[in-house]
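Colleague: Have a look at this one before I ask anything.
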Amino acid sequence: MFPATWHRPGIAGGLLPALSGWVGGTALQLTQPALWPWWGYGGVLALGCTVLLGVARVLRSGPRWAHHACLLLAVVALAFGCVGLRAVGFLAHTLSPALEGRELLITGVVATMPQRGANGLRFQLHVESARGHADAVPVRVPPRVQLGWYGAHGSGGGDAAALAGRLPPVWAGERWRMVVRLKAPHGNSNPHGFDYELWLWEHGVQATGYVRDTTAARAPQRLAQTGRHPVEWLRQRVRQRIDLQLAEAPQAGWITALVTGDQNAIDRADWDVFRATGVSHLMSISGLHVTMFAWLAATLTAALWRASPRLCLLCPAAHAGWIGGPALALAYAVFSGWGVPAQRTVVMLAVVCLLRLSSRSWPWPMAWLLAGVTVLSIDPWALLQAGFWLSFVAVGVLFAAGDRANGQPVPARQRLRAMLREQWIITLALTPLVLLLFGQVSLVGFVANLFAIPWVTLLVTPLAMLGTVFAPAWELAALAVAVLARVLAWMAGLPFATVSVASAPFAVAATAVLGGVLVAMRLPAALRLAGAALVLPVLLWQAPRPDPGRFDLLAVDVGQGNAVLVRTARHALLYDAGPRYSRDSDAGHRVLVPLLRALGVAPDLLVLSHSDSDHVGGAASVLEMVPGMSLTGSMAPDHALWALRPVRHCAAGQRWHWDGVEFLVLHPRQADYDRGGKPNTVSCVLRIRSAATRHEPIATALLAGDIESAQEQQLVTDRVDLRADLLLVPHHGSKTSSSAVFLDAVRPRVALVQSGYRNRFGHPAPEPMARYQERGIAVFNSPHCGAMAWRSEAPAVVSCHRLAHPRYWQHRGDGQSRF
């Protein structure tokens, strides 16, 4: 129960600037491109404390606006200093660059339930000791690292059964000694892309790597079961029992995900269905899932409580619901992995319910803001996560709309109407936010959730949880899941199931979110209609395109592989589709499809330079996104992509014009196909030229695929016009390409290298890079730059996404060393 003094006008009025100041100070610190020294944040923190004391002692008798302004500034300084000091302390444990790529012998305890993939296991390890494997010299590594274990010789592939035979069982809480190679956390950096480095930062991981087990001398050793991380061990045990009980059930992964939170157990195709129908939150232990679970748990607790007059005399049923809902949500979140989104939501729910249990009347906006500030005090970096905003808005909508009976029993029909209304409200309120965060929203989501929420929450989840004590219940849960899967698959197959829009500027998107909230609130019809009007700009937004005669180019950061998006005024071309990362993950699905949706681009043509997997790995996902897209490349007729779309062989001399921009294929010739050889020899080389104008000279880009020195020499000998302002460096900068004669013929101003950070091939190699440097050619590489943007009207300028949007948690390696 809160003190009555909190509700005096001066103190109650001061709470709003204090809460706003904490949010503002946190947000201000998260925009920093680099961290200050610790004493800088300490000074800001001391300044905030000084101002706060002044507010309490000196300004008490002054004007209220001055009191509130000083309080706001003081709390901004406090939050900025506190978050900055936490970041400096965390950054002090980062991996030394000198240890990247070295073989280290580490001893540690498995801290999480290992996640299974088609290529191996992934788990986090609490490191207890580390030393060099060759010299046995102790070294300091981060306390928490994320490791992949891919079996003998680092091999991947195969199904789960093959994986089980290839690797020894690894259990949470076990102490292992193993040889590993580590590197700094480094993810792809693209416009509108997922910030993997922020995700690792928020999860406390400061190095990633893989287990080296290629010889008996380096084989990992299981030392003991420590008994630490018992919840993780229990989750893993339950997952094993589900696997045994439902070995033949197609949707066994759904049960595993609902009970243990292991989202990797669900196939990627099923996730696509969930996104298309707007029910992803039900199959992942997300903030929205935990919120819905808590809300229904509170409703059920209150209903059961009302059945006992004696219990109602001890505690009102509404209060019992406010206690039972978060308590059950906490138990569920802990058992299902206690992920960061679940942690944030449980804290937020607990704060809201504690405020409701107080005997004071708290204004709803104040209680809502206090819940958010509490979460940010524990996890400041949540402010940049989509899950925080979805759960924050969901908590506000559900609690603001719910429980209007003041603890009195309501008829079943009225409760049903209330549930339908609240589902409709949360759909309306979250739709603009989902569009802002993901660029796609399900049009069938409301109907799908009306069926899926009660089906999953009241039937599937209880049966799945009951299976932990009575295994046959999992069979019934699997049957219920099979019914749900059929319904969702049918809905996802509807032609109007989803709508995608280009990512609008922040101001437009934020206005649309405000409009969605106005539509969802109990307001006069005129205001709700005005809210609907505010949503329209984000639905009609069109991303800027080049003027006729011009083109722009974006070399997407996909790791070790090529993917280049070329846009003219009304057309678009994608040159290569990036690599396949594993059997269940590729650059098309993870990077290119979200990027194309965010830009509002549906390419007219996909050019696949050749058949190597780092160029065609993501092609199937991109082709699925754009059914009408044409495909050209140098793949043989027996390649799997021929079954998805007719392939036109690229051949020298093919030419077309889009909006005044010329596209010309320079290589290969038909004789090159007849000659055979490795795929690199028939890489499609594409030259793109802008139109000449009175004010701008012609600008040219040359995309060279993986041609090597022999093909470069052939192009020069054939007297092909190779001059270009921009060159996509052949074969990622390998030793076998970028010959001197070729560079002298192209004479580029800038050159782009698409390669993976510390890739095993050593791309780009020092020898060809020296040739670029000798000729004064500016070279940009994706590990250092992220996505690289270039425009024909400014042919000497390359914009690096990683450098244009720096944040202190992002890696700043040079991208040149090997891994």
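Colleague: Roughly what angle does helix 364-378 make with the longest principal axis of the chain, taking Cα atoms, 0 to 90 degrees, to the nearest 10?
Modeller: Here the helix axis deviates by roughly 60 degrees.
Colleague: Still on this model: Ordered by residue, what ³J(HN,Hα) values in Hz, to whole numbers, does the range 679-690 give under the Karplus form 6.51 cos²θ - 1.76 cosθ + 1.60, where θ = phi - 60° and Gly and Pro are x?
Modeller: Along the range 679-690, the couplings run x, 4, 5, 10, 4, 6, 9, 10, 10, 10, 10, 7 Hz.
Colleague: By the gyration tensor of its Cα atoms, with a ≥ b ≥ c the square roots of the eigenvalues, what is the shape of the range 35-120: rounded for a/c under 1.5, prolate for a/b over b/c, or oblate?
Modeller: Prolate, because a/c is 1.5 or more and a/b exceeds b/c.
Colleague: Restricting to DSSP loop positions (anything but H, G, I, E, B) with no more than 11 other Cβ atoms inside 10 Å of their own Cβ, which chymotrypsin sites (Phe, Trp or Tyr not before Pro) remain in the range 425-487?
Modeller: Answer by residue number: 470.
Colleague: To continue, here is another question. Just to be sure I understand, if you calculate mean projected area of the Cα convex hull in nm² for this structure, which of (1) 44.6; (2) 35.6; (3) 39.8 do you get?
Modeller: For mean projected area of the Cα convex hull in nm², the calculated option is (3).
Colleague: I need two numbers for the range 212-366: Rg to one decimal and Dmax as a whole number, Cα atoms only, in Å.
Modeller: Cα radius of gyration and Dmax of the range 212-366 are 20.3, 70 Å respectively.
Colleague: Helix 38-57 versus the longest principal axis of the chain: what angle, 0 to 90°, nearest 10, using Cα atoms?
Modeller: Once rounded, the angle reads 30 degrees.
Colleague: Another question, if that's okay. Take the alpha-carbon centre of the range 667-729, take the same for the range 315-377, and report the distance between them in whole Å.
Modeller: Each part's Cα centre sits 61 Å from the other's.
Colleague: Moving on. First measure r as the distance between the Cβ atoms of residue 804 and residue 28, then evaluate 1/(1 + (r/R0)^6) with R0 = 22 Å and state the FRET efficiency to the nearest 0.05. List each step's numbers first, then the result.
Modeller: Working: r = 20 Å, r/R0 = 0.89.
FRET efficiency, residue 804 to residue 28: 0.65.
Colleague: Could you tell me, in Å, what Rg and Dmax come out for the Cα atoms of the range 518-595?
Modeller: 19.6, 55
Colleague: Could you let me know the centre-to-centre spacing of the range 226-297 and the range 78-135, using Cα atoms, in angstrom?
Modeller: Cα centres, the range 226-297 to the range 78-135: 26 Å.
Colleague: Please calculate how many Å² of accessible area the range 491-626 carries per residue, with a 1.4 Å probe and no DNA, RNA or ligand atoms counted.
Modeller: 40
Colleague: Taking square-rooted eigenvalues a ≥ b ≥ c of the alpha carbon gyration tensor, is the range 102-151 rounded, prolate or oblate, where a/c under 1.5 means rounded and, failing that, a/b exceeding b/c means prolate?
Modeller: oblate
Colleague: In addition: Hey, what do the phi angles of the range 379-385 turn into as Karplus ³J(HN,Hα) couplings, whole Hz, using 6.51/-1.76/1.60 and θ = phi - 60°, x for Gly and Pro?
Modeller: 9, x, 6, 4, 4, 9, 9
Colleague: Okay, next question. Rounded to the nearest 10 degrees, what's the angle between the helix 9-30 long axis and the longest principal axis of the chain, both from Cα atoms, 0 to 90?
Modeller: 20
Colleague: Can you tell me how much longer the chain between residue 386 and residue 469 gets when fully stretched, taken as 0.36 nm per residue apart minus their C-alpha distance, in nm with one decimal?
Modeller: Result: 26.4 nm gained on full extension.
Colleague: For the range 665-802, rounded, prolate or oblate, judged on the Cα gyration tensor with a ≥ b ≥ c (square roots of eigenvalues), a/c < 1.5 rounded, else prolate if a/b > b/c?
Modeller: Here the range 665-802 falls in the oblate category.
Colleague: In whole percent, and with a 1.4 Å probe on the protein chains, what portion of the accessible area of the range 535-610 is carbon and sulfur?
Modeller: Its accessible area is 54 percent carbon and sulfur atoms.
Colleague: Another question about this same structure. How large is the accessible surface per residue of the range 85-124, computed with a 1.4 Å probe and reported in Å² as a whole number? Could the numbers behind the result be given before it?
Modeller: Details: 1420 Å² over 40 residues.
Roughly 36 Å² per residue, with all protein chains present.
Colleague: So how do 678, 183 rank on accessible area, 1.4 Å probe, biggest first, that is with the largest at the start?
Modeller: Ranked list, largest accessible area first: 678, 183.
Colleague: Using a 1.4 Å probe on the protein heavy atoms only, what accessible surface does residue 49 show? Give it in Å² to the nearest 10.
Modeller: 60
Colleague: Between residue 221 and residue 604, what is the FRET efficiency for a Förster distance of 56 Å, r being their Cβ-Cβ separation, to the nearest 0.05?
Modeller: On the way: r = 56 Å, r/R0 = 0.99.
For R0 = 56 Å, the calculated efficiency reads 0.50.
Colleague: Compute log10 of I(q)/I(0) for the range 224-298 with the Debye formula, placing one identical point scatterer on every Cα and leaving out solvent, at q = 0.21, 0.22, 0.28 Å⁻¹, to two decimals.
Modeller: Summing over Cα pairs of the range 224-298 leads to -0.99, -1.03, -1.22.
Colleague: At 222 nm, what value in deg cm²/dmol follows for the chain if DSSP H runs of at least 4 each add -39500 (n - 2.57) and the sum is divided by all its residues, to the nearest 500?
Modeller: Details: 30 runs with 369 residues, N = 819.
The helix-only estimate for the chain comes to -14000 deg cm²/dmol at 222 nm.
Colleague: Hey, what did the chain get for relative contact order, percent, Cα under 8 Å, at least 6 apart?
Modeller: 9
Colleague: Which of the cysteines in the chain are isolated, no other cysteine C-beta under 4.7 Å?
Modeller: Flagged as lacking a Cys partner: 49, 70, 82, 312, 315, 353.
Colleague: Now, a different point. What's the carbon and sulfur percent of the range 486-529's accessible surface, probe 1.4 angstrom, rounded to a whole number?
Modeller: With neighbouring chains kept in place, the figure for the range 486-529 is 74 percent.
Colleague: In Å², and per residue, what accessible area does the range 256-373 have when probed at 1.4 Å with the other protein chains present?
Modeller: On a per-residue basis, the range 256-373 sits at 38 Å².
Colleague: Taking all protein chains in place and a 1.4 Å probe, what share, in percent, of the accessible surface of the range 727-819 do carbon and sulfur account for?
Modeller: Heavy-atom surface of the range 727-819 belonging to carbon and sulfur, 1.4 Å probe: 52 percent.
The values are calculated or read from the model by the stated rules, or taken from the named source; none is laboratory data. Worth saying up front: this structure is predicted, and the values here are computed from it rather than measured. Cβ: placed from backbone, ideal geometry, glycine included. Neighbour counts: every protein chain shown. Only protein heavy atoms, including side chains, enter the accessible area calculation; ligands, DNA and RNA are left aside. Shrake-Rupley method; radii C 1.70, N 1.55, O 1.52, S 1.80 Å.
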